[in-house]
Amino acid sequence: MVKQAALICGNDEYLVTSHAREWVDAICPIDEQALGLEMVEGKASTIDEAVYALDGVLAALRTVGLFGGKKVVWLRDATFLKHGVIMKNAKVKELLASLAADLESGLSGEQYLLISGPGIDRRSAFYKSIKDVVDWQEYDLPERDYEVRPIALQRITQRLREANFSMDAGCVDRFVDRVGFDTRQLFNELDKLILYKGDERQISIADVDMIVSATGEAVIWDFTDAVAERKLGDALRVFRRLLFQKESAVRIVISMESLFSDLLHFREYADAGWVRLDGRRIQWAEDPQAEAFFTQLHSDPRKMHWFRASKILSQAMPNSIKRLDACRRLTLETHEQMISSGSVPHELMVETLLARVCGRRQKRVS
């Protein structure tokens with residue numbers, strides 16, 4: 001039996017919105033929504049906006065539906081429920097207490113309430129009052145990339161299967177690398193790719209590169225890949241594209257610092273015999289010394305997605321530890337110069353750095 005009130009929340013905006021819409025449509029079919037559905041905008045960044053939204057919800061719930069029929073009230077995108085300052089306001093707390101009391105005593109007749117949004121402060125009295133009387137649905141993605149990446153890969157693979165499409169080896173990983181982990185963006189780009197292919201059911205990496213729009217983060221990865229593989233022309237081209245997209249030159253240098261740090265560490269792990277490439281796939285050794293070392297790290301590299309870790313190791317292996325350390329130090333020096341000196345344009349500093357770390361005959365980084 002469907003409860004008369006529901007709270008659907010989480011940081012996965014696409015799933016929250018789609019499941020909220022399904023909940024509304026199941027109770028109030030589309031052809032009845034003109035008279036039976038009342039939506040209240042819950043996106044509030046100030047106390048006054050939150051008060052206005054809550055006043056609207058309470059007024060809607062306490063008003064009988066037109067002709068005495070079914071009435072669904074949808075408080076949509078209620079961002080203020082996670083806002084610590086707004087939730088502590090006396091007026092907001094008073095209105096939330098009134099709403100909680102209505103829910104606890106039970107909505108009358110064919111009255112229904114749906115609250116959707118990014119989440120709710122679980123320390124609040126409102127949450128504690130309603131958590132057992134509403135249909136609770138939560139759609140959260142993990143915060144760490146290595147945890148959310150497998151979920152994104154699984155969703156794309158499932159969506160392809162449902163559409164009777166398939167991708168070449170490594171293509172799903174390439175797709176996720178370009179798009180990122182946002183569910184809505186993933187599905188939008190995949191739908192675009194499927195429309196492009198039409199009756200052809202096999203998708204290649206070339207198709208992904210041609211059709212799929214790369215996010216800013218994906219472009220950063222294209223840049224670091226070019227740097228790691230010492231492709232100076234590609235690195236300069238992507239660097240200028242990032243600048244055109246208003247990316248900060250300082251942030252780009254920071255991404256290079258992270259890159260050379262990862263490459264250096266993976267090369268050290270390989271030299272210690274803790275990791276190797278089996279074909280194109282990374283293999284971690286079962287070694288007590290490695291186990292003791294990795295478990296005390298803040299971020300265990302063995303938990304990184306195998307595709308990303310395999311790429312880093314394959315990029316690290318053609319280089320010596322001495323060269324990677326020299327590149328890392330050059331990058332750190334450039335970062336320090338960018339902070340301390342205002343006479344040389346940051347863009348010129350980065351281009352000079354790229355020429356040095358990607359050059360084939362630079363003695364200092366050989």
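The values are calculated or read from the model by the stated rules, or taken from the named source; none is laboratory data. Just so we're clear, the structure is a prediction, and the values are computed from it rather than from any experiment. Reconstructed Cβ throughout: ideal geometry from the backbone, glycine too, with neighbour counts over all protein chains shown.
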TODO: Working only within the range 189-218, note down all residues that are assigned to a helix (DSSP H, G or I), surrounded by 12 or more Cβ atoms within 10 Å (Cβ to Cβ) and either without any contact (Cβ under 8 Å) to a residue 12 or more places away in the chain or β-branched (Val, Ile, Thr) (or both).
DONE: ASP191, ILE194, ILE205, VAL208, ILE211
Open item on the list: Any residue that is outside the structural domain of LEU348 (by TED's automatic domain parsing) and among the small types (Gly, Ala, Ser) - is there at least one of those in the range 220-237?
Closed with: no
TODO: Taking LEU263 as the residue in question, decide whether it is assigned by TED's automatic domain parsing to the domain that holds LYS246, within 21 Å of VAL250 (Cβ to Cβ), at pLDDT 90 or above and buried (at least 18 other Cβ atoms within 10 Å of the Cβ).
DONE: yes
Task: Meets criteria (assigned by TED's automatic domain parsing to the domain that holds HIS19, under 30 Å from the mean Cα position of the chain (by Cα) and at pLDDT below 95) for SER45 - done: yes
Open item on the list: Testing GLU247 on (1) among the charged types (D, E, K, R); (2) closer than 21 Å to CYS171 by Cα; (3) assigned to a loop (DSSP other than H, G, I, E, B), one condition comes back false. Which one is that?
Closed with: (2)
Task: Unique residue being outside any helix (DSSP H, G or I) and either within 23 Å of the chain's Cα centre (by Cα) or free of Cβ contacts under 8 Å to residues at least 12 places away in the same chain (or both) when the list is SER258, SER310, SER343 - done: SER343
- [ ] Would you be able to tell me the number of residues in the range 264-303 that are part of a loop (DSSP other than H, G, I, E, B) and either farther than 21 Å from PRO150 by Cβ or not aliphatic (A, V, I, L, M) (or both)?
- [x] 12
Open item on the list: Just to be sure I understand, how many residues within the range 61-75 are buried (at least 20 other Cβ atoms within 10 Å of the Cβ) and either under 24 Å from the mean Cα position of the chain (by Cα) or without any contact (Cβ under 8 Å) to a residue 24 or more places away in the chain (or both)?
Closed with: 0
Task: Residue satisfying all of: in the range 309-330; out of contact with any helix residue (DSSP H, G or I) (no Cβ under 8 Å at 6 or more places or on another chain) and among the charged types (D, E, K, R); farthest from VAL227 (Cα to Cα) among these - done: LYS322
